[in-house]
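To start, the structure itself, in structure tokens.
Here, each number is a calculation from the coordinates, and none is a lab measurement. Only a predicted model underlies this, so the values are computations on that prediction, with no experimental measurement involved. Neighbour counts are summed over all protein chains in view; Cβ atoms, including those assigned to glycine, are modelled from backbone coordinates with ideal geometry.
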Ligand SMILES: [Fe+2]
Ligand SMILES: [Fe+2]
């Protein structure tokens with residue numbers, strides 16, 4: 001894997017920062033280890049292994065996230081990633097150490113760090129964070145307790161081990177379509193699943209008491225509940241401080257109970273229905289090309305929110321057969337229509353929506369031509385008409401999300417109007433729409449690839465029959481063969 005000089009410099013700086021953090025944590029660990037002893041010199045032999053282990057663990061998180069894991073759709077600067085991962089590890093380690101010392105090693109909430117990092121950054125880094133937090137607690141707590149007790153306590157090692165397993169298992173709850181309820185219930189189920197390990201460690205004790213063993217199992221479940229509570233407490237703070245739109249928050253803004261969506265539904269019901277259909281298509285496309293489906297859904301749900309200002313000027317809202325454009329001069333019609341992306345972006349800014357969603361609203365028509373009105377104008381004049389007067393005046397899609405919305409938006413509207421009867425007809429329409437966008441240069445300002453576009457075409461063609469199920473007749477296509 002190649003890395004350029006700038007990246008190399010940044011990574012060296014990162015490792016230097018890791019050394020500083022390792023030093024701080026080492027001092028913290030040593031201070032705790034030193035409690036109750038005459039001087040640090042007696043425990044000097046522990047300092048070097050602690051420093052080495054902390055540095056290696058932190059460096060592993062970094063190497064794993066930067067060089068091994070493929071870039072995720074959630075892009076953070078390395079500084080933000082560093083602050084998020086390490087602050088969570090420190091906070092969770094402190095809480096865990098407290099619970100380890102004064103409650104039970106089996107109730108250590110390591111899963112909290114894994115859950116939060118999985119939600120904010122990625123599932124894989126969440127796993128590494130859980131393992132690393134377990135290392136930190138072992139390094140900080142076990143030597144002290146072992147020296148105090150005169151030997152290594154198997155129950156303490158077992159407690160940390162079981163908590164670490166719970167943390168790793170908890171990250172898998174983040175796999176797809178997680179909700180707060182799923183995470184809470186999932187974490188309880190993991191706690192229940194870990195109970196046999198509590199039984200195992202309990203009965204390994206000399207002269208095990210059934211009540212004590214049962215208590216260990218309850219501690220495991222309790223540890224997982226503490227982890228969920230800590231995650232619930234910290235996550236909104238991290239979302240706010242680092243301005244991160246987690247899948248939770250994105251799912252919340254896509255809820256049909258959101259005031260802005262309810263307003264859209266009331267003022268422009270046709271547009272609302274159109275947005276719902278586009279959101280289904282966009283979500284499928286996002287999954288196909290490895291983008292965040294929640295973000296794609298949010299972009300689609302709000303892309304036409306600017307139409308709320310003048311809903312009657314858009315055909316999907318003209319249910320009574322009256323078309324106000326019939327009474328307007330073409331230039332006014334064009335103005336009314338081309339203003340909706342900028343107006344939508346403004347509304348979304350006022351509602352503090354994610355930047356990607358605002359950009360999708362502004363860019364979903366790019367600077368494309370309103371061909372219907374251009375041809376209409378051409379039909380009533382003999383002069384040479386400049387096409388530029390009939391274009392949207394917005395930026396072209398600058399993100400893959402905006403590009404997906406542009407394509408899905410056109411596909412939905414065209415398919416609704418043309419009502420293709422066969423699979424071939426449908427594929428032809430989608431192909432022509434994508435080709436048309438490419439030839440018009442609308443997709444040249446974003447980093448979408450031909451491979452992505454091929455996948456988008458396939459996923460739109462696959463999703464359309466289930467959305468417009470009464471329109472596409474596959475049997476006809478078979479009959480023609
Ligand atoms: Fe639009
Ligand atoms: Fe639209």
Next item on the list: Determine, for 131, 154, the number of other Cβ atoms within 10 Å of each Cβ, and report the residues in order from fewest to most.
Entry: 154, 131
Next item on the list: Please express the Cα-Cα pair-distance distribution P(r) of the stretch 254-480 as a list of whole percents, one per 5 Å bin, running from 0 to the bin with the greatest distance.
Entry: 1, 7, 14, 18, 20, 17, 13, 7, 3, 1, 0
Check: Label residue 161 and residue 204 with points 7 Å out from Cα along Cα→Cβ: what is the distance between them in nm?
Finding: 0.4 nm
Margin query: What distance in nm lies between label points placed 7 Å from Cα along the C-beta direction at residue 309 and residue 382?
Written below: 3.8 nm
Note to self: Past the 17 angstrom mark, what percentage of all C-alpha to C-alpha distances in the stretch 331-436 do you count?
What the structure shows: 61 percent
Next item on the list: Obtain the nm distance between the two label points defined at residue 252 and residue 439 by a simple spin-label model: each point lies 7 Å from its Cα along the Cα-to-C-beta direction.
Entry: 4.6 nm
Item checked: Least to most buried among 243, 352 (fewest other Cβ within 10 Å first) -> 352, 243
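Please work out how much length the chain gains when fully extended from residue 181 to residue 427, using 0.36 nm per residue of separation minus the C-alpha to C-alpha distance, in nm with one decimal.
Working: separation 246, 0.36 × 246 = 88.56 nm, distance 3.95 nm.
Between residue 181 and residue 427, full extension yields 84.6 nm more.
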Item checked: Relative contact order %, the stretch 371-470, counting alpha carbon pairs below 8 Å whose residues are six or more apart -> 31 percent
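Hey, fewest Cβ within 10 Å first, where do 368, 315 land in order? Write out the running numbers ahead of the final one.
Values: 368 20, 315 14.
Placing the least packed residue first, the sequence is 315, 368.
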Check: Gain in length, residue 355 to residue 319, computed as 0.36 nm per residue apart minus the alpha-carbon separation, to one decimal in nm?
Finding: 9.6 nm
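How much length is gained on full extension from residue 468 to residue 232, taking 0.36 nm per residue of separation minus their Cα-Cα distance?
Numbers: separation 236, 0.36 × 236 = 84.96 nm, distance 4.00 nm.
Full extension from residue 468 to residue 232 adds 81.0 nm.
Rounded to the nearest 0.05, what FRET efficiency is calculated for residue 342 and residue 101 with R0 set to 56 Å and r the Cβ-Cβ distance? Could the numbers behind the result be given before it?
Working: r = 58 Å, r/R0 = 1.04.
Plugging the Cβ-Cβ distance into 1/(1 + (r/R0)^6) gives 0.45.
Based on the mean of other beta carbon atoms within 10 Å per residue, what is the order of 268-281, 226-239, most packed first?
Numbers: 268-281: 21.1, 226-239: 18.1.
Highest to lowest by the protection proxy: 268-281, 226-239.
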